[in-house]
């Protein structure tokens, strides 16, 4: 009954631009109607594998193929990217970048247009598809009016219109807030049930994808498939730890409690877990751990008082927000896409002007302090490092801010080298920036901010698009800076990040500050979680299922314990 | 976000209601007249007509103000250049010389030269509103469809419309990058010397190019994955068929074209000569 639709056979691929193959000896069969998740650290070849399926390899990205890859019984190298696109529909990572048409209807229609479908049939089909993805009321809306989740729906619609056999999702969750990500995963599941398509999801946010059932998980590392099994088997094994993929938090908690994990426990669904005798183990672990004491309150470094701000004549993006940040804190600002988080950080840096209310830095009113002067106190690291880098060489890039401030060459050299050392870039100081990876570039931008000796650093989505290994690297590095006395503010979507690294978080919804509390408390408050599009962590559910009296306390203890185990506590 | 230049401005007006192809054809006719003729009377009529059309379109002058200012600056530059390189052009054309102000030799200001340069300025004024209106009242996706309709290859048409459509995005990137660079100490304000400012602007261009290249890479992959370029032709979701208004407008445009050409060339010269 099972009919294979995708068949890799001793498949190896090498990009023309690289010396060594990116994919080694892949053997993988995917059957019709299956739902497959492909995970692996950055650079493991999972995206390349996806490109092989949709034809970007070898038609857009050239290279050498050995072995065979059959899609629907045909060798892909004998097909064209166009005929493959009729079989495999791809939803790319960035819902903005792939929005080709200007309105929803036009974007859904794009591939029909290219196929010269007459306009009346096209319009009918577009309406059908828009109903399937629940966007029929937005056909005329332009991309800027849509939320991140809606954009993703449209991207999916544009692919579904071709009636493809395989849906390929390349990191569908990367730019979505937690709740929206959850809806996206649910939508994928619903579509699959309705249309019986084969679904392949490439993603490193394993726990989020597991919100809905998947049939198999393929783990890749260094261009090879190292595991191909059911979620339950995989979660019970130690493969994830070995390949540096973030395990779901509830799995890690069970491991800390020394529970023996077996596939029979139904590990893939944390709300249907069979805990058996793990309950007792969890209780024992809970009793044996404690929380590190919080630090005494330091003096305030940044005070925001009743800030209101609007772009042009629109309704306020920031509405009457007040808070105080203390010296040496590490704090996160969370909330849904477009809630005003980024605007708030831009106001603090003085990038946007014309707000009402007041801001104080170390007690001093910042009203007349220019962008340039503020930058010496509050540094801002943007989400996309390419937006900040303007020199070819690492040293020059980091030195730029000092050169512009007319500082003597000797001092520049000293400060730049120090910043590079802190950021772990000293060995590369004479390299061109183009030779660096995304994560390294991010560190270059942090170094170029650090060199100005700011007391506060604001980072916009510091870990977006990073796998667990790089996430840990960046965050540990930030924690280290924090221990050196720098106050760190992070705008983020990542629930793990806020739980693990920031004791306190500010929650913004629709321009208002709706919570200013510990991350653990915020995430256990259902009302706030819903209003800000966050997601409750699986740990609460685990604690509840184990009948632990104070789930919040359980989570707090887990985080504290986890920090020690991973070795970056104070 | 803050104001975006050269982006589509959505209004309900007669001009917005016309199909993109109509507007494009009118625009082409309009600019050919303005390019061919130096007849002051025709240019004046075109200019007044442009103003009326602008009024009808419900687009406010300040909405296109920035671009307008930009073009006017060029116009000024153009005028100065003409005067420097060819100060007696008007005398040559009109055949008489009424000196107004004596400077030195050929740089004496003559009425003819002023009139000649007035005509050139008028040409700008006749075309610019039409060009800007065409851009801001045509939905970018219809823009491509209309280019394709008058025979431009759809790949080129689509590239043009994509380029137009990315203008706001690139402006946004530009602002973000400029802010980041200002924070690092780059001064783009008038406090800095001009040469330094130009050099400083360079530090925004590189990141802007890099981020634009990223954008292009993503969109071209997305387009290819959805079969763009597969066939010789394509259909357009947003294509509008011509209705009565379109035909009437095109007819009026055509009449204006013919009348202008007849008037321009009837006396054997493209110039209207008030000096004889």
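All of the numbers you see were taken from the coordinates with simple rules; none came from a lab. Since this is a predicted model, take the numbers as computed values, not measurements. Backbone-built Cβ (ideal geometry, glycine too); neighbour counts: all protein chains shown.
A compact table of results
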| read-out | value |
| --- | --- |
| Near-label residues of region A:156-177 by backbone N, under 19 Å of a point 7 Å along Cα→Cβ of residue A:136 | A:156-163 |
| Shape call, region A:387-514: gyration tensor on alpha carbons, a/c limit 1.5 | prolate |
| Acute angle (nearest 10 degrees) that the helix A:104-114 long axis makes with the longest principal axis of chain A, alpha-carbon atoms | 40 |
| Cα long-axis angle, helix A:394-404 against chain A (0 to 90 degrees, to the nearest 10) | 40 |
| Region B:98-159 versus region A:498-537: alpha-carbon centroid distance in Å | 56 |
| Contour minus Cα-Cα distance for residue B:172 and residue B:261 (0.36 nm per residue) | 27.7 nm |
| Computed E for residue A:430/residue A:353 - FRET, C-beta separation, R0 45 angstrom, nearest 0.05 | 0.70 |
| Computed label-point distance, nm, for sites residue A:18 and residue A:362 using a 7 Å Cα→Cβ extension | 4.7 |
| Whether region A:35-118 is rounded, prolate or oblate, judged on the alpha carbon gyration tensor where a/c under 1.5 counts as rounded | oblate |
| A:117, A:166 arranged by Cβ crowding within 10 Å, fewest neighbours leading | A:117, A:166 |
| Mean ellipticity per residue at 222 nm, deg cm²/dmol - from DSSP H runs of n ≥ 4 across chain A, formula -39500 (n - 2.57) | -11000 deg cm²/dmol |
| FRET efficiency for residue B:73 and residue B:216, using Cβ-Cβ distance with R0 set to 30 Å, rounded to 0.05 | 0.50 |
| Residues B:29, A:393, A:495, A:380 arranged by fewest to most Cβ contacts within 10 Å | A:393, B:29, A:495, A:380 |
| Stokes-Einstein D in µm²/s, Kirkwood radius over Cα pairs - region A:308-347 at 37 °C with 0.692 mPa s viscosity | 284 |
| Relative contact order %, region A:117-187, counting alpha carbon pairs below 8 Å whose residues are six or more apart | 33 |
| Least to most buried among B:115, B:14 (fewest other Cβ within 10 Å first) | B:14, B:115 |
| In degrees, nearest ten, helix A:551-566 long axis to first principal axis of chain A (Cα) | 90 |
| Paramagnetic reach from residue A:68 in region A:211-231 [backbone N under 14 Å; point 7 Å along Cα→Cβ] | none |
| Length added when fully stretched, residue A:550-residue A:299, from 0.36 nm per residue minus Cα-Cα | 87.2 nm |
| Sites residue A:541 and residue A:564, calculated FRET efficiency, Cβ-Cβ separation with R0 25 Å, nearest 0.05 | 0.60 |
| Sequence-separation-based contact order of chain A, relative, with Cα cut under 8 Å and 6+ spacing, percent | 14 |
| Relative contact order of region A:300-536, pairs being alpha-carbon contacts under 8 Å that are 6 or more residues apart, as % | 27 |
| 10 Å binning of all Cα-Cα separations within region A:300-536, expressed as whole percents from 0 upward | 8, 32, 36, 20, 5, 0 |
| Shape call, region A:375-461: gyration tensor on alpha carbons, a/c limit 1.5 | oblate |
| q = 0.05, 0.06, 0.09, 0.10 Å⁻¹, the protein assembly as shown: log10 I(q)/I(0) [Debye, one scatterer per Cα] | -0.35, -0.49, -1.03, -1.22 |
